[in-house]
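Everything below concerns the one structure shown next.
Read-outs throughout are calculated quantities, based only on the coordinates presented, and are distinct from any laboratory measurement. Computed from a predicted model, the values in this text were never measured in an experiment. Because the Cβ atoms are built from the backbone with ideal geometry, glycine has one as well, and the counts that use them run over all protein chains shown.
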């Protein structure tokens, strides 16, 4: 009899992994999923618009085509902007110090900026140079005599100017220094690689932000559905009797209702809209399949000898279910989780399209499709529908490919395919 060495002993997971790695469609799906998670994790670090919800907008440049380039006049906000740390920046972004206006021409005369808004070249607007560059004290102060023409706390003396900052501290500067600071900080030539949305926001940033929303809702919804589905399925399969009948009746009722209708009903019952309602509503509609599969698996496994031995040793039923039985059905649960992930992304997109999911100004792929559709495809705006739809299809397709690959990998009868 030949003695097997330790290196020759292969675990079941070794063969599962081998079959999965040889499945090229599943590997393609996994690459797309990993890339999407990387985009979602990096978040604002890779978004052209790093303001919260990618909401640095201007209605004057709405629905511009990909590659659109424009000169922006940035006017400093007259209030303190809280600075966030690195972790907060990744997940929540940083509010901009400036308000933006697209311009086609500008000129500085004395202490006044003359400019024209992009697309409105016949109308010349003005604003004070000091107010565009510096944050000024807005209340009444005896430290300086306000300029009566502007009403702001600054005073002009030839080429020099005194002004009060937000903390009512006096500063002295010159026109030359103000113009230099204005040209360095208040002018930006910005390129919108994928154009702009119907409200003048960077479309690429909205698409990248939508990745985070879709994956977040998918992940939390799957966790909710697995906790509920695995628990109820395990109880029904292990105990049987009236418990099984009651849970099966509940599963039949939920299964008979279209998922999108059930989600809408839950959203209306909660009398609220938004991302957290989407988490709960989507999660509460996807638990039935997990419960059905787990119930069937446990009904066959509970007759095994090791389960009988555990009962004979006096081990509690819940410990037998969650410690001894469920680890042996982890494969089907993983497959269901990937399928539910794809379903959650689609349901969330449908909810946002109907206005019951993520609410503005937070971008969502479903909401972006609705906004593009609602624009009636005017002004070459077909990409407003096409791009988010493409992202939805690609991510759902990737999860389905990966889920099918996991199903084949965990099925011992599929080994002859590889």
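What spacing in nm lies between the two simple spin-label points modelled at residue 328 and residue 284, each 7 Å away from Cα in the Cβ direction?
Computed distance between label sites residue 328 and residue 284 equals 3.5 nm.
Using packing as a proxy for protection, rank 135-143, 224-232 so that the peptide with the highest average count of other Cβ atoms within 10 Å comes first.
224-232, 135-143
Once you wrap a convex hull around the alpha carbon atoms of segment 194-269, what is its projected area averaged over all directions, in nm²?
For segment 194-269, the mean projected area of the Cα convex hull comes to 7.3 nm².
To the nearest whole percent, what portion of all C-alpha pairs in segment 159-245 is separated by more than 15 angstrom?
Summing the P(r) tail past 15 Å for segment 159-245 gives 79 percent.
How would you rank 75-87, 287-299, highest first, on the average number of other Cβ atoms within 10 Å across their residues?
In descending order of packing, they fall as 287-299, 75-87.
Where does segment 7-111 land on Rg(C-alpha)/(2.2 N^0.38 Å)?
Against the empirical 2.2 N^0.38 Å value, I get 1.82 for segment 7-111.
Give the Debye-formula value of log10 I(q)/I(0) at each listed q (0.11, 0.12, 0.18, 0.20 Å⁻¹), with one equal scatterer per alpha carbon of segment 77-221, two decimals each.
For segment 77-221, the Cα-only Debye profile gives -0.60, -0.69, -1.15, -1.28.
Evaluated at 20 °C with a viscosity of 1.002 mPa s, what Stokes-Einstein diffusion coefficient in µm²/s does segment 255-349 have when Rh comes from the Kirkwood expression over alpha-carbon pairs?
139
Using only Cα atoms, find the angle between the long axis of helix 12-22 and the longest principal axis of the chain, and express it within 0 to 90 degrees, rounded to the nearest 10.
50
How much of the pair distance distribution for segment 150-302 lies past 29 Å, counting alpha-carbon pairs only, in percent?
In whole percent, the share of Cα-Cα pairs in segment 150-302 beyond 29 Å is 54.
Ranked highest first by the average count of other Cβ atoms within 10 Å around their residues, in what order do 213-223, 36-46, 313-323 fall?
Top of the packing list down: 213-223, 36-46, 313-323.
The chain: D in µm²/s via Stokes-Einstein (Kirkwood Rh, Cα pairs, 20 °C, 1.002 mPa s)?
The diffusion coefficient I find is 83 µm²/s.
Determine one quarter of the surface area of the Cα convex hull of segment 287-415, which equals its mean projected area, and express it in nm² to one decimal.
11.1
From the gyration tensor of the Cα coordinates in segment 53-153, what semi-axes in whole Å does the equivalent ellipsoid have, largest first, with each one equal to sqrt(5λ)?
27, 24, 9
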